[in-house]
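Peer 1: Dropping a structure here in structure tokens format, bear with me for questions.
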There are 12 protein chains.
Amino acid sequence: MSDPVYKKIQVVGTSTNSFSEAAANAIARAAQTIRNLSWFEVVEQRGSISDGKIQQYQVTVNIGFRVE
Amino acid sequence: MSDPVYKKIQVVGTSTNSFSEAAANAIARAAQTIRNLSWFEVVEQRGSISDGKIQQYQVTVNIGFRVE
Amino acid sequence: MSDPVYKKIQVVGTSTNSFSEAAANAIARAAQTIRNLSWFEVVEQRGSISDGKIQQYQVTVNIGFRVE
Amino acid sequence: MSDPVYKKIQVVGTSTNSFSEAAANAIARAAQTIRNLSWFEVVEQRGSISDGKIQQYQVTVNIGFRVE
Amino acid sequence: MSDPVYKKIQVVGTSTNSFSEAAANAIARAAQTIRNLSWFEVVEQRGSISDGKIQQYQVTVNIGFRVE
Amino acid sequence: MSDPVYKKIQVVGTSTNSFSEAAANAIARAAQTIRNLSWFEVVEQRGSISDGKIQQYQVTVNIGFRVE
Amino acid sequence: MSDPVYKKIQVVGTSTNSFSEAAANAIARAAQTIRNLSWFEVVEQRGSISDGKIQQYQVTVNIGFRVE
Amino acid sequence: MSDPVYKKIQVVGTSTNSFSEAAANAIARAAQTIRNLSWFEVVEQRGSISDGKIQQYQVTVNIGFRVE
Amino acid sequence: MSDPVYKKIQVVGTSTNSFSEAAANAIARAAQTIRNLSWFEVVEQRGSISDGKIQQYQVTVNIGFRVE
Amino acid sequence: MSDPVYKKIQVVGTSTNSFSEAAANAIARAAQTIRNLSWFEVVEQRGSISDGKIQQYQVTVNIGFRVE
Amino acid sequence: MSDPVYKKIQVVGTSTNSFSEAAANAIARAAQTIRNLSWFEVVEQRGSISDGKIQQYQVTVNIGFRVE
Amino acid sequence: MSDPVYKKIQVVGTSTNSFSEAAANAIARAAQTIRNLSWFEVVEQRGSISDGKIQQYQVTVNIGFRVE
């Protein structure tokens, strides 16, 4: 059996600046412990508010990586 | 009964520049009349097009705030 | 029958920089061959990863335009 | 900040005659207290039955209006 | 145990005239064999086309009735 | 390979009178340029409001037709 | 053909006390007329309110049973 | 126009004890300022965890009430 | 009223070999007691695992049939 | 702008034998008129029944292809 | 990069008594091997039936925890 | 606490032959490192196309296993 198999994990990245940075942070953190990260899917975008302003952007992503 | 209770309202922010600014505008406007805004959830992202370019970014967000 | 009728097509824009640029690219490409583009709806946000970093942002949008 | 901001409320209109009239009733009632109603979205269609016939049509609509 | 219990069945009504009549037909047919029909929920609206015109309206409804 | 194949397109019909007419308009317009229209599925029902009344009914339908 | 086949029915249980009891009531009622009930899935949780308090808990469950 | 019209608001109740109490709290709080509460629908169930135990149950409910 | 009316039931077919056979089993079983089976819709695909291999394929289908 | 852009179309393939063949037929037909087909997504699986047996497998797929 | 990152895992808790206990069991078990559990989201509620009574409550929860 | 607890992981199996084989490959791979695999749920079916033919079948499955 040589057909590739992938695993998806769900990670929530956060950022005080933007949803883009939050997604990048999620992926950067996953890359610290997992090799072969291949793709991601945005599942949810939300955030916290403080003093009437967005305080933290939160992006939930599914991250797919090849299982070796 | 001292358990906190929250209310969610649905607001559509717009911007000529980006989805991020549209979301920020929605929250800034809600903050003008409501205190204790606590979190938001992105519900929908869409926009209008003019002359083949994005004219307006529109983001629908649920905004949660504590009911005093 | 003079009530306007619209058609929606589904396009996937990509960008190496951001989801915003990916959406803009989808719309710019559609505008090359279709007139009267009127609105868009974000359907899906995903992307590819390379070397632990986001390599390509991919945004699927429904694009609505008036049928003449 | 001059980008328009909208609020969506959820209203259930009813009618003994049709879903169309139920939706119209929801919007007419909202228009009594809110200015600038701009668009609506049908969220749910249901109704009650009595003596084997539709007794009441019920339509849940999201109604969007510009916040001044 | 005297709390009421209901059953939901799924019925597809059709009509050559309108979705409203299709829904009414679904309920009328169910009423021929089931007593105590109480409410309905529209689940799906579709139809067939012939010669470029709507030939048949099809409405799928969940119908709830009290189990005696 | 003689098994029939169908294509679905997404069309938004509008009407100042009713959702039914909006759906009929979508299908009538599609029939002007496409043969063999076979079925439709209602995907979304919304509309615009003016002066507190429904101004335009908008129905998004998927229309299926046989590819010859 | 000896592979087991199951049927799912949809039942709404109610209770003046809790969602748990409402679900239990739905299943108890189904068990009066159907043998081999095997599993259930919660589909919807709602209820009625009277005098500002929950009056009735309503749980819609899919109930699966083996067809003999 | 005498057909009843209802409004739905979205409220998040919390409790340190159970989801049931969280829902009851949401409704009790809404009843302090709104008359004619009629029904509720559970939209989301979540909660916070502290020291490996559920610290707070959070239930988002849509609450419907008749507009007078 | 001569417009056809259909009923949909939900059946779970199983097979030790494939999803296709599981679906076929569901339909074959329904055909033993119901006439005029007309169409089916796949609702869910799942299965059990034993010793690291698929032991049973389970397909939930909605089956539509004309009510005479 | 050299970022690739893709278009998705929705096609329904059919087969008297299996869902797999139905999907393959949808893609084979699309390939007759469109170049650069790149990926597909299964959207819906259904079929027709005749004499208590599956007569036709129907698979709706979204097919993505690069716009040159 | 000091923005917190979270991981979500999906756990199914069971109980012979209630959905609440099933959720608590899922979280208690996760806490045995994972630190910093922060929140949970109810994804699915189902259960098994034996002798016409609920035998086992099953709750699927997403559990979020901070990645250190 | 002796109530069983399960964990669900999400795996994408691939195959050049069929969706069935892709699902089987996902489960076989998971079984190499995890004991007690108990059930699976199909979450997504998609694939890649090359030269107008299906090149790779991709099935995303949730796999449940008992946590010892």
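The values are calculated or read from the model by the stated rules, or taken from the named source; none is laboratory data. Since the structure is predicted, the reported quantities are computational estimates derived from the model, not experimental observations. Glycine gets a Cβ as well: all are built from the backbone with ideal geometry, and neighbour counts include every protein chain shown.
Peer 1: Here are some conditions: (1) farther than 26 Å from L:Ala30 by Cα; (2) at pLDDT below 95. I:Ile9 meets all but one. Which one does it not meet?
Peer 2: (2)
Peer 1: Got a number for residues in the stretch J:46-59 being buried (at least 20 other Cβ atoms within 10 Å of the Cβ) and more than 24 Å from F:Gln10 (Cβ to Cβ)?
Peer 2: Here the count works out to 2.
Here is a yes/no grid of residues against (1) more than 18 Å from A:Lys53 (Cβ to Cβ); (2) surrounded by 18 or more Cβ atoms within 10 Å (Cβ to Cβ):
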{"position": "B:Gly13", "(1), (2)": "no, yes"}
{"position": "B:Asn25", "(1), (2)": "no, yes"}
{"position": "B:Ile34", "(1), (2)": "no, no"}
{"position": "B:Glu44", "(1), (2)": "yes, no"}
{"position": "B:Val61", "(1), (2)": "no, yes"}
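Peer 1: Of the residues in the stretch L:1-38, how many are in contact (Cβ under 8 Å) with a residue 24 or more places away in the chain and out of contact with any Ser or Thr (no Cβ under 6 Å at 6 or more places or on another chain)?
Peer 2: Initially, the stretch L:1-38 is screened for residues in contact (Cβ under 8 Å) with a residue 24 or more places away in the chain, giving L:4-19, L:21-23, L:26-27, L:30, L:34-38.
Next, only the ones that are out of contact with any Ser or Thr (no Cβ under 6 Å at 6 or more places or on another chain) stay: L:5-11, L:13-17, L:19, L:23, L:26-27, L:30, L:34-38.
Residues in the stretch L:1-38 being in contact (Cβ under 8 Å) with a residue 24 or more places away in the chain and out of contact with any Ser or Thr (no Cβ under 6 Å at 6 or more places or on another chain): 22 in total.
Peer 1: Every residue in the stretch K:48-61 that is in contact (Cβ under 8 Å) with a residue 12 or more places away in the chain and not polar (S, T, N, Q), please. Outline the logic, then answer.
Peer 2: Step one: list which residues in the stretch K:48-61 are in contact (Cβ under 8 Å) with a residue 12 or more places away in the chain, which gives K:55-61.
Matches in the stretch K:48-61: K:Tyr57, K:Val59, K:Val61.
Peer 1: Does H:Ser20 satisfy being polar (S, T, N, Q) and modelled with pLDDT under 95?
Peer 2: Working: polar (S, T, N, Q): yes; modelled with pLDDT under 95: yes.
The answer is yes for H:Ser20.
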